[in-house]
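Take a look at the structure set out below.
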Amino acid sequence: MTTASQNAGPASTGRAPAVQLGSPRHGRTVRTAADPELRSPAGRGGLMEVVHHRYLLKLLLRRELKARYKGSLLGLGWSYVRPAVNFAVFYFVVGVFMGMDKVIKDFPIYLFSGLVLVTLFTETLQSATRSVLHNAPLVRKVYLPRELFPSASLLVSLVHFLPALAILVAGALSYGWRPTLTGVAGAAVGLLIVVLFALGLGLLCAAATVFFHDVEQVVDIVMLTISWTVPMVYPWTHVRDHAPRWLLQIWQLNPLVSAVELFHHGFWGPLSDGRIPPPPALTARTVSALGCALMFFFIGEAVFARLQRRFAQEM
Amino acid sequence: MTAPTDLSEGKRVPGGPPAVVVEDVSKRFTLRHARSIKDITVRLARRQALSESFDALHHVSLTVTQGETVALMGLNGSGKSTLLKLISGVMSPDAGTVRVRGRVAGLLDVGAGLHPELTGRENVFLNGAILGMSEAEIKRKFDTIVEFSGVERFLDTEVKFYSSGMFMRLAFSIAAHTEPDIFLIDEVLAVGDPPFREKCIARIRELRDEGRTMLIVAHDIPMLVDLCHRGVMLRRGRKIYDGDVAEAGSLWQADKKAKSAS
């Protein structure tokens with residue numbers, strides 16, 4: 001048995017060098033092509049591979065969280081400071097000095113429910129955009145599903161998001177908010193919209209950054225505008241009253257606008273005194289925003305899966 | 001499996017199905033000289049090329065049988081590392097196919113997966129998972145890995161405080177215990193102090209005798225001749241020899257002489 005297989009197997013490759021150079025060995029080709037256990041060493045890409053590597057994803061998440069705050073006194077506490085400062089600036093400048101406090105009842109809740117979503121979105125997109133390039137040593141040396149890196153970015157942002165959400169709930173309760181079924185369900189859909197939209201765009205931008213490092217800068221700049229393009233510090237009626245109708249309609253197509261309105265509907269709506277009317281056609285726009293976010297998610301995943309084959313040689 | 005006992009003398013190759021099949025593979029790289037608009041304008045004005053491409057691999061075919069240890073030889077830039085990267089799946093070929101049987105893991109630049117801010121212990125888990133081990137597998141081998149690396153005392157210290165020798169020892173130890181079906185080793189044996197290097201080579205011999213498939217790139221010809229069943233010689237992206245490892249070694253030596261003479 002041993003002798004037979006020895007003769008059949010590698011002896012041919014071992015003893016007949018340099019003869020069939022260049023031309024594939026046809027006998028072998030036929031045999032190996034039929035062998036189902038032989039597979040390509042590179043994965044096909046796609047987020048399903050991340051699911052198969054859950055354990056590694058967990059370790060990467062832990063690494064991100066540990067490494068980011070390593071050596072700082074406050075540690076994970078820094079993830080509270082950033083939104084707190086953001087909130088304070090918006091509250092005092094827009095709320096108190098510019099008087100939005102008087103236009104919108106319970107402005108702090110209105111502001112914060114938008115802010116947590118906007119922070120989740122910008123943080124995910126910014127860190128996902130960098131994620132692949134910043135793991136260049138790994139991407140170049142070891143085959144891993146590259147989707148792991150943007151996915152870990154999303155998880156890090158979600159870890160930061162959860163305590164913010166808890167603070168939002170506690171704050172709303174202290175203002176006399178009581179949850180409603182549609183409100184909470186709507187907020188959940190709003191969260192889903194943001195997650196899908198951010199991950200889809202994040203995958204797209206992460207892949208693009210590998211080829212053009214400029215994308216990182218563009219994303220950073222665009223993120224500066226997000227707080228102002230969604231109804232976070234102003235009500236939707238301001239856009240209706242001050243902008244032409246077509247602009248209002250375009251503005252409402254932004255899935256983030258719908259997501260923020262869903263959060264308002266869930267956490268601030270029950271507190272509202274009706275001076276700001278609820279945004280029109282929210283249900284229909286929720287469906288369209290969810291569709292849009294899903295579309296970006298699938299496009300981002302497909303483009304990333306395609307481009308990731310060239311990552312190692314482009315970095 | 002009777003073969004592996006006196007491999008060094010007999011060079012008896014174990015028989016079995018192919019573990020790595022590289023068929024007519026070509027890989028071309030594009031070197032971009034200019035990336036920014038400014039550089040591109042300057043280069044265009046001077047009529048210089050914006051990029052050039054070269055063939056890292058040119059119609060290379062190679063079949064490695066399960067349990068075989070193959071040395072890849074050739075001067076720098078001959079395509080050895082590119083071939084290993086294609087087999088590991090890090091890169092995809094432009095033409096041709098690469099297929100493997102089972103899990104591939106490699107020592108392609110040890111330490112790429114080690115994170116300086118994490119402790120030695122955390123890195124064993126992280127790097128083990130990066131190299132394809134499951135949680136249970138890492139837990140089972142944890143003590144062996146630590147013992148082999150000899151960094152027990154510093155296990156809960158961040159890796160950034162390790163000496164470069166300790167860093168390499170830990171990285172090699174994790175990789176050498178991943179037990180993949182196909183093991184790729186790229187020029188890592190040049191690192192570390194002599195006693196640890198001996199230990200590494202002994203470990204590789206052990207893996208070989210267990211019947212694992214291995215592809216080794218190194219610059220130490222006597223060691224390769226001693227370790228490997230077979231030698232493959234590459235020259236400027238083409239396979240020019242595939243067969244007896246000592247013969248491949250002398251071809252490589254000739255290439256080196258020719259290069260230093262010119």
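Taken together, the values in this text are just the output of simple stated rules run on the coordinates, not laboratory data. Computed from a predicted model, the values in this text were never measured in an experiment. Methodologically, a virtual Cβ is constructed for each residue, glycine included, from the backbone with ideal geometry; neighbour enumeration extends over all protein chains shown.
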Next item on the list: Give the angle, between 0 and 90 degrees and rounded to the nearest 10, that separates the Cα long axis of helix A:282-307 from the longest principal axis of the Cα atoms of chain A.
Entry: 30
Margin query: For a quick check: with amide H placed at 1.01 Å from N, whose amide H comes under 5 Å from B:Leu57's, ignoring anything fewer than 5 positions away on the same chain?
Written below: B:Lys27
Note to self: As a test, work out the antiparallel percent of DSSP beta bridges whose residues both lie in the protein assembly as shown, rounded to the nearest 5.
What the structure shows: 55
Notebook entry, point to check: Taking H as built 1.01 Å from N, whose amide H comes closer than 5 Å to the amide H of B:Thr65, not counting residues under 5 places away?
Noted result: B:Ala19
Notebook entry, point to check: According to the square roots a ≥ b ≥ c of the eigenvalues of the Cα gyration tensor, what is the shape class of chain B, taking rounded for a/c under 1.5, prolate for a/b larger than b/c otherwise, and oblate for the remainder?
Noted result: oblate
Check: Among A:273-280, A:70-77, B:119-126, how do they line up from the highest to the lowest mean number of other beta-carbon atoms within 10 Å?
Finding: B:119-126, A:273-280, A:70-77
Next item on the list: Among the lysines, select those whose C-alpha is under 20 Å from the C-alpha of B:Lys256, and discard any that sit fewer than 8 residues away in the same chain.
Entry: B:Lys80, B:Lys239
Item checked: Total lysine pairs under 25 Å (Cα atoms) in the stretch A:50-314, excluding pairs fewer than 8 apart on one chain -> 4
Next item on the list: Mind putting a number on the dipole of the protein assembly as shown about its Cα centre? Charges go on the C-beta only, +1 for Lys and Arg and -1 for Asp and Glu, and I need it in Debye to the nearest 20.
Entry: 1020
Check: Quick one: putting +1 on the C-beta of Lys and Arg, -1 on the C-beta of Asp and Glu, what dipole do you get for the stretch A:50-314 around its Cα centre, in Debye to the nearest 20?
Finding: 740
Notebook entry, point to check: Given only helices, namely DSSP H runs of n ≥ 4 each adding -39500 (n - 2.57), what is the per-residue ellipticity at 222 nm of chain A, to the nearest 500 deg cm²/dmol?
Noted result: -22000 deg cm²/dmol
Notebook entry, point to check: If you plug each phi of the stretch B:213-221 into the Karplus form 6.51 cos²θ - 1.76 cosθ + 1.60 with θ = phi - 60°, what whole-Hz ³J(HN,Hα) values come out, in order, with x for Gly and Pro?
Noted result: 7, 9, 10, 10, 10, 7, 10, 9, 5
Checklist line | Charge dipole of chain B about the Cα centre (unit charges at C-beta), most positive-ward option of B:Thr119, B:Val232, B:Ala261 | finding: B:Ala261
Notebook entry, point to check: Got a sec to turn the phi values of the stretch B:153-158 into Karplus ³J(HN,Hα) couplings, 6.51 cos²θ - 1.76 cosθ + 1.60 with θ = phi - 60°, whole Hz, x for Gly and Pro?
Noted result: 5, 10, 4, 9, 9, 4
Notebook entry, point to check: What 222 nm value per residue comes from the helices of chain B, counting each DSSP H run with n ≥ 4 as -39,500 (n - 2.57) and dividing by all residues, nearest 500 deg cm²/dmol?
Noted result: -11500 deg cm²/dmol
Check: How far is helix A:78-90 tilted off the main Cα axis of chain A, in degrees rounded to 10, range 0 to 90?
Finding: 40
Checklist line | Under 13 Å from B:Lys27, Cα to Cα: aspartates and glutamates that are on another chain or at least 8 residues apart | finding: B:Asp55, B:Asp94
Next item on the list: State the answer as a single residue: which of A:Leu74, A:Val230, A:Leu290 lies farthest towards the positive end of the charge dipole of chain A, with beta carbon charges of +1 for Lys and Arg and -1 for Asp and Glu, about the Cα centre.
Entry: A:Leu74
Check: Residue by residue through the stretch A:107-123, which ³J(HN,Hα) values in whole Hz follow from phi under the Karplus form 6.51 cos²θ - 1.76 cosθ + 1.60 (θ = phi - 60°), with glycine and proline marked x?
Finding: 3, x, 5, 4, 5, 5, 5, x, 4, 5, 5, 4, 5, 4, 5, 5, 5
Next item on the list: Report, by chain and number, residues whose modeled amide H sits under 5 Å from the one on B:Gly74, excluding near sequence neighbours (fewer than 5 apart, same chain).
Entry: B:Leu234
Margin query: Taking the 0 to 90 degree range and rounding to the nearest ten, how far is the long axis of helix A:181-211 tilted relative to the main principal axis of chain A, both from C-alpha atoms?
Written below: 50
